[in-house]
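Worksheet: the structure to be examined is printed underneath.
The values are calculated or read from the model by the stated rules, or taken from the named source; none is laboratory data. Since the structure is predicted, the reported quantities are computational estimates derived from the model, not experimental observations. Positions of Cβ are generated from backbone atoms using ideal geometry, with glycine treated the same way; all protein chains shown enter the neighbour counts. Protein only, heavy atoms only, side chains kept; ligands, DNA and RNA dropped before computing areas. Shrake-Rupley method; radii C 1.70, N 1.55, O 1.52, S 1.80 Å.
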Amino acid sequence: MAYIDGFVMAVPIANEQAFIEHAKKVDSVFLENGAKRVLECWGDDVPEGKQTDFRKAVQAKEGEAVLFSWVEWPDKATRDKAMAKVMEDPRLKPENNPMPFDGKRMIFGGFSPVVTLER
C-alpha cells in the first residue's frame, strides 16, 4: 500500500522561481530513491478560515503564498529507507540548495492512505 509524505509551507511570492528550482533538485532526489511521484502545488485559492486554515498553520505573512506538496511512495518501508539517504544527500544541504522560504514554518508528516478512489 502507498505511503504519503505531506508538506505545507509559506513561500515569498517573489521567490516563486527560486522555489521551483529548489523543488526540482529536492524532488529528483526523492524520485532517485524510490518515490513514485512528487507534486508541488502553489496555492491560488487558499481562503482564510474563522478558526484555522492553511495560512495560519504556517504563519503565512503578507506577500507569501501557501504551498501544498506531497511525495507518494510505494510503501512506508521504501520511504523510511529512502529518507535516511535523502537527508544525507549533499545536493540537498543548505549550502548547496538553500531553501527560498522559512523552513521553521513548514509543517510535514507521513500518512497511510485509508481510502483511495480512482477512475
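Any chance the stretch 93-105 includes a residue that's touching a helix residue (DSSP H, G or I) at 6+ places or on another chain (Cβ under 7 Å) and under 30 Å from M1 (Cβ atoms)? No, the stretch 93-105 contains no residue that is touching a helix residue (DSSP H, G or I) at 6+ places or on another chain (Cβ under 7 Å) and under 30 Å from M1 (Cβ atoms). Flag: A60 matches the condition of being part of a loop (DSSP other than H, G, I, E, B) and of a type in the set (A, V, I, L, M). Filtering the stretch 42-65 to residues that are in contact (Cβ under 8 Å) with a residue 12 or more places away in the chain and either open to solvent by less than 80 Å² (accessible area, probe 1.4 Å) or not charged (D, E, K, R) (or both) leaves W42, G43, V46, F54, R55, A57, V58, Q59, A60, G63, E64, A65. For first residues located in the stretch 85-100 and over 13 Å from L31 (Cβ atoms), partners that are open to solvent by 80 Å² or more (accessible area, probe 1.4 Å) and not in a helix (DSSP H, G or I) and lie 6+ apart or on another chain with Cβ distances below 9 Å form the pairs P90/N96.
Which residues, counting only those in the stretch 8-22, are out of contact with any helix residue (DSSP H, G or I) (no Cβ under 8 Å at 6 or more places or on another chain) and buried (at least 18 other Cβ atoms within 10 Å of the Cβ)? Those that are out of contact with any helix residue (DSSP H, G or I) (no Cβ under 8 Å at 6 or more places or on another chain) and buried (at least 18 other Cβ atoms within 10 Å of the Cβ): F19, H22.
Comparison of E32, E62, E48, E16 shows that the only residue that is within 15 Å of the chain's Cα centre (by Cα) and more than 17 Å from G110 (Cβ to Cβ) is E16.
When restricted to residues that are surrounded by 11 or more Cβ atoms within 10 Å (Cβ to Cβ), farther than 23 Å from Q17 by Cβ and touching a Lys or Arg at 6+ places or on another chain (Cβ under 9 Å), the stretch 79-119 contains 1.
The set of residues in the stretch 1-41 being free of Cβ contacts under 8 Å to residues at least 12 places away in the same chain and either out of contact with any strand residue (DSSP E or B) (no Cβ under 7 Å at 6 or more places or on another chain) or β-branched (V, I, T) (or both) consists of Q17, E21, K24, S28, E32. If the condition is being β-branched (V, I, T) and open to solvent by less than 20 Å² (accessible area, probe 1.4 Å), then the stretch 66-78 contributes V66, V71. With assigned to a loop (DSSP other than H, G, I, E, B), at negative phi and of a type in the set (A, V, I, L, M, F, W, C) as the only criterion, which of M83, M99 stands out? Within the list M83, M99, the selection yields M99.
When the stretch 19-57 is limited to residues that are assigned to a loop (DSSP other than H, G, I, E, B) and among the charged types (D, E, K, R), the one that is nearest to E88 (Cα to Cα) turns out to be K36.
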